[in-house]
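This report concerns only the one structure given below.
The values are calculated or read from the model by the stated rules, or taken from the named source; none is laboratory data. These figures come from a predicted structure and were not determined experimentally. FYI the Cβ positions are ideal-geometry reconstructions off the backbone, even for glycines, and counts take in every protein chain you see. Keep in mind that these areas ignore ligands, DNA and RNA; they rest on the heavy atoms of the full protein, side chains included. Shrake-Rupley method; radii C 1.70, N 1.55, O 1.52, S 1.80 Å.
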Amino acid sequence: MSKSPVEVWLWLLLVMQPYNPKTNQILSRYGGDATKASIAIRDEKLSCLTENEKRRAAETRNGAIMRVLNICEENGISIITLDDGEYPPLLKDIENPPIVLFVKGSLAGLESELVISAVGTKRPSEYSYYAADALIGTLSELGMVFVSGNADGLDSAVHRACIKARGRSIAVLPCGILSDYPKSSSELRGEILKNGGALVSELLPYTKASIGYFHLRNRIISGMSLGTIVLQAGDKSGSLITANYAFFQKREVFYIPPHDIFSKEYSGAAILANQNAIPIFGVSDVLDKLLKNDNAKPAVSQKIIEFKTIKPRPNPPVIKAEPKPQESIKKEAPEIPDNLSAEEKTIAELIAKAPADIDALIDKSGLDYETAVGALTILELSGVITRQMDGNYILSDE
């Protein structure tokens, strides 16, 4: 794709407007060259243009473009165009990608990062808040970059889990970067940026949020990511729209199994299950699937492998006594490896005494939440422990 000046891309955006499928069709006709496409539009060589598009092409002057450039410069907003090397590589592959992204923060390095989106309802249950905090926080600690929508409820919970884990997240906004939506979100936005994350929008900086745009924004959330996690959704949730975009973009889709299969608040899980989305019972369910993903670049796959081999798996237990005939066989207890940290050893020894869930382990160990979750994650990834369907952990026997 030819490199065109940012002013040309802004002219194209102002004339054709954001999320106009014709823009990418015209660009494709001219080999991705924004300059050639703009000349064709300006000179009315294209029969596909509407009267409004022709009018804007005739009326849009350098002054309007300079105003956008000045606003962005004054507010620390970067302008990343479709031919820019910093443009998110996965997003470039979707149908009708944004031709311009306005970015506060940085998108640098996404080509070698584990990027996944996580979305959910604005009115979640405590169970979903807990699942978001535990799952997203753990994956963020392992180095995964999360994309979400900065909305009230679970979207904000995703960003806060990353912040608590000192990880990076990207908020894709349904408005311009300088528009205050949702209200009083400036503190969360600031924390996202402080942690090395970014705010992203395809809309001009002062554009207000509009109902009609929310669904269109979701294609960017899923499009930037290797996969999408739906944390909680009813059957009419906007999170299902993000999941549908992910399916269409041939990305992975995951969901958290509901704790109440009869509740309408979780009815979206059944829809996703019928579409062959992947249920998540632990971080390994996400990492294992991403490792097999065709979209995962070698650098991404290598990171997953590194995460899954943080500590070697323990040797199988040795049965020292031969079982006597006609007697029940009593299994030797699995061994606890010697190369564990103090916190991991504490957790493993408690589990060795009796199966326990995370709440019981936190209570018995005296460890704080983050430390206990981190230790459990390492133990599970290393194969020392296994999480059962009832939520209890046991020592692995192989």
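Tell me, which helices (runs of 4 or more DSSP H) wholly within segment 1-115 include 1 or more residues that are in contact (Cβ under 8 Å) with a residue 12 or more places away in the chain, open to solvent by less than 10 Å² (accessible area, probe 1.4 Å) and within 26 Å of Met224 (Cα to Cα)?
6-16, 21-29, 34-42, 62-74, 89-92
What residue, among those in segment 246-260 that are open to solvent by less than 20 Å² (accessible area, probe 1.4 Å) and in a strand (DSSP E or B), is nearest to Ile136 (Cα to Cα)?
Phe254
Name the pairs: first residue in segment 271-282 and within 13 Å of Phe247 (Cα to Cα), second residue of a type outside the set (A, V, I, L, M, F, W, C), Cβ to Cβ under 6 Å, at least 6 apart or on different chains?
Leu272/Tyr255; Ala277/Tyr255; Ile278/Lys289
Residues Ser184, Ser201: which one is over 16 Å from Val119 (Cβ atoms), open to solvent by less than 10 Å² (accessible area, probe 1.4 Å) and polar (S, T, N, Q)?
Numbers: Ser184 fails: open to solvent by less than 10 Å² (accessible area, probe 1.4 Å).
Sole residue among the options that is over 16 Å from Val119 (Cβ atoms), open to solvent by less than 10 Å² (accessible area, probe 1.4 Å) and polar (S, T, N, Q): Ser201.
Test Gly32 against the criterion of being at positive phi and at pLDDT 95 or above, and give yes or no.
On the way: at positive phi: yes; at pLDDT 95 or above: no.
No: the conditions fail for Gly32.
Provide a single number: the residues in segment 338-349 that are crowded, with 17+ Cβ neighbours inside 10 Å and either part of a loop (DSSP other than H, G, I, E, B) or among the aliphatic types (A, V, I, L, M) (or both).
Count: 3.
Across segment 261-282, what is the number of residues that are of a type in the set (A, V, I, L, M, F, W, C), surrounded by fewer than 19 Cβ atoms within 10 Å (Cβ to Cβ) and part of a loop (DSSP other than H, G, I, E, B)?
Within segment 261-282, residues that are of a type in the set (A, V, I, L, M, F, W, C), surrounded by fewer than 19 Cβ atoms within 10 Å (Cβ to Cβ) and part of a loop (DSSP other than H, G, I, E, B) number 3.
I'd like the full set of residues that are in a helix (DSSP H, G or I) and open to solvent by 10 Å² or more (accessible area, probe 1.4 Å), limited to segment 119-136. Explain how you work it out, then say what you get.
Initially, segment 119-136 is screened for residues in a helix (DSSP H, G or I), giving 126-136.
The answer is Glu126, Tyr127, Tyr129, Tyr130, Ala131, Asp133, Ala134, Leu135.
With the requirement that a residue be open to solvent by less than 70 Å² (accessible area, probe 1.4 Å) and under 29 Å from the mean Cα position of the chain (by Cα), what does segment 350-370 give you?
Matches in segment 350-370: Asp357, Ile358, Leu361, Ile362, Leu367, Tyr369.
Only residues in segment 158-172 that are in contact (Cβ under 8 Å) with a residue 60 or more places away in the chain count as the first member; pair them with residues that are of a type in the set (Val, Ile, Thr), Cβ under 7 angstrom, at least 6 apart or cross-chain, and list the lot.
As it stands, the answer is Val158/Ile136; Ile170/Val145; Ile170/Val147; Ile170/Val200, since those pairs meet every condition given.
Against the conditions (1) at pLDDT 95 or above; (2) open to solvent by 10 Å² or more (accessible area, probe 1.4 Å), where does Leu173 fall short? Just the number, please.
(2)
Output the residue which, of all residues in segment 132-150 that are in contact (Cβ under 8 Å) with a residue 40 or more places away in the chain and small (Gly, Ala, Ser), is farthest from Ala171 (Cα to Cα).
Looking at the filtered set, the residue picked out is Ala134.
Out of Gly190, Gly212, Gly234, I need the residue that is part of a loop (DSSP other than H, G, I, E, B) and either surrounded by fewer than 23 Cβ atoms within 10 Å (Cβ to Cβ) or free of Cβ contacts under 8 Å to residues at least 60 places away in the same chain (or both). Which one?
Of the residues listed, the single one that is part of a loop (DSSP other than H, G, I, E, B) and either surrounded by fewer than 23 Cβ atoms within 10 Å (Cβ to Cβ) or free of Cβ contacts under 8 Å to residues at least 60 places away in the same chain (or both) is Gly234.
Given (1) within 27 Å of Ser179 (Cβ to Cβ); (2) in contact with a strand residue (DSSP E or B) (Cβ under 6 Å, 6 or more places away or on another chain), identify the lone condition not met by Met66.
Condition not satisfied by Met66: (2).
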